[in-house]
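**Q** Below you'll find the structure I mean.
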Ligand code: NAI
């Protein structure tokens, strides 16, 4: 088995795709799947699927393929989603409000357990079952509710300050929606989500008349 830190990032991204596909197969009642079927559903070769999974050990059964449930369990363990991750949202604006009712996070092991905003006019509002709290509550609620992931959905100018507060309170991972590069120390992970960057990439592809998937599936 390869040490986690040396697994290529595109492989880790594909693990999430495999997991999503396997969960869909499980919903449809399928019990086994071959690397060819799994790869085919995602536009990947069976060799790619086997190569990705080989980083983590031997999962398949010769002549049968993979047990869908077994592979789901293994992938959740590898991705760390076999446990519950408590997360908070900072910024109860358009993005924050769009994320709050999204119940599929819970199925994936992510629970939004607190929402914060600096605007006093929204404090106490309940959105999709989540009460919006003042930023002054963040410092004690993060450790109290075992929040390890913070979702930053505030304007760009406020994002670094919010990230600093989250990290000071004990958050270890930040999902950043603000269009700025966040500076964090090396004990913290940051992942930025940027729809405009994705749209630019897509526009570039379309303007050149290129087709095919732009999803990060290549090694
Ligand atoms: P919004 O203006 O609707 O909401 C922002 C919320 O953050 C407000 O409720 C405001 O009171 C709160 N806020 C402001 N300063 C704060 C602070 N210091 N501490 C705590 N809360 C604070 O903004 P929207 O549309 O939800 O966008 C949020 C962020 O997401 C922006 O940075 C925006 O540029 C970005 N964005 C990112 C996209 C992406 O693809 N990643 C797409 C659209 C927006």
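The values are calculated or read from the model by the stated rules, or taken from the named source; none is laboratory data. Predicted, not measured: the structure shown is a model, and the values here were computed from it. Cβ coordinates were reconstructed from backbone atoms using ideal geometry, including for glycine residues, and neighbour counts include every protein chain displayed.
**Q** If you take just the helices (runs of 4 or more DSSP H) that sit entirely in region 41-142, which of them hold at least 3 residues that are modelled with pLDDT of 95 or more, buried (at least 18 other Cβ atoms within 10 Å of the Cβ) and within 18 Å of the chain's Cα centre (by Cα)?
**A** 94-99
**Q** Is it the case that residue 18 is part of a strand (DSSP E or B) and more than 30 Å from residue 157 (Cβ to Cβ)?
**A** No, not satisfied.
**Q** Which of the residues belonging to region 197-210 are over 18 Å from the mean Cα position of the chain (by Cα) and within 16 Å of the ligand (Cβ to nearest atom)?
**A** Correct list: 199, 200, 201, 202, 203.
**Q** Would you confirm whether or not region 106-125 contains a residue that is over 18 Å from residue 175 (Cβ atoms) and out of contact with any strand residue (DSSP E or B) (no Cβ under 9 Å at 6 or more places or on another chain)?
**A** Yes.
**Q** Still on this structure: Yes or no: region 172-180 includes at least one residue that is more than 20 Å from residue 86 (Cβ to Cβ) and loosely packed, with under 15 Cβ neighbours inside 10 Å.
**A** yes
**Q** Tally up the residues in region 160-182 that are within 16 Å of the ligand (Cβ to nearest atom) and in a loop (DSSP other than H, G, I, E, B), please.
**A** The number of residues fulfilling the criteria is 7.
**Q** Any idea which of 184, 171, 180 is closer than 29 Å to residue 73 by Cβ and in contact with a helix residue (DSSP H, G or I) (Cβ under 7 Å, 6 or more places away or on another chain)?
**A** Testing whether each residue is closer than 29 Å to residue 73 by Cβ and in contact with a helix residue (DSSP H, G or I) (Cβ under 7 Å, 6 or more places away or on another chain) leaves just 171.
**Q** Hey, residue 213 hits all of (1) outside any helix (DSSP H, G or I); (2) touching a residue at least 24 places away in the same chain (Cβ under 8 Å); (3) within 16 Å of the ligand (Cβ to nearest atom) but one; which does it fall short on?
**A** Against the list (1) outside any helix (DSSP H, G or I); (2) touching a residue at least 24 places away in the same chain (Cβ under 8 Å); (3) within 16 Å of the ligand (Cβ to nearest atom), residue 213 comes up short only on (3).
**Q** Does region 143-151 contain any residue that is within 14 Å of the ligand (Cβ to nearest atom) and not in a loop (DSSP other than H, G, I, E, B)?
**A** yes
**Q** Still on this structure, please answer the following. Assuming residue 26 fulfils every condition listed in (1) touching a residue at least 12 places away in the same chain (Cβ under 8 Å); (2) more than 14 Å from residue 70 (Cα to Cα) apart from one, which condition is it?
**A** Just one mismatch for residue 26, condition (2).
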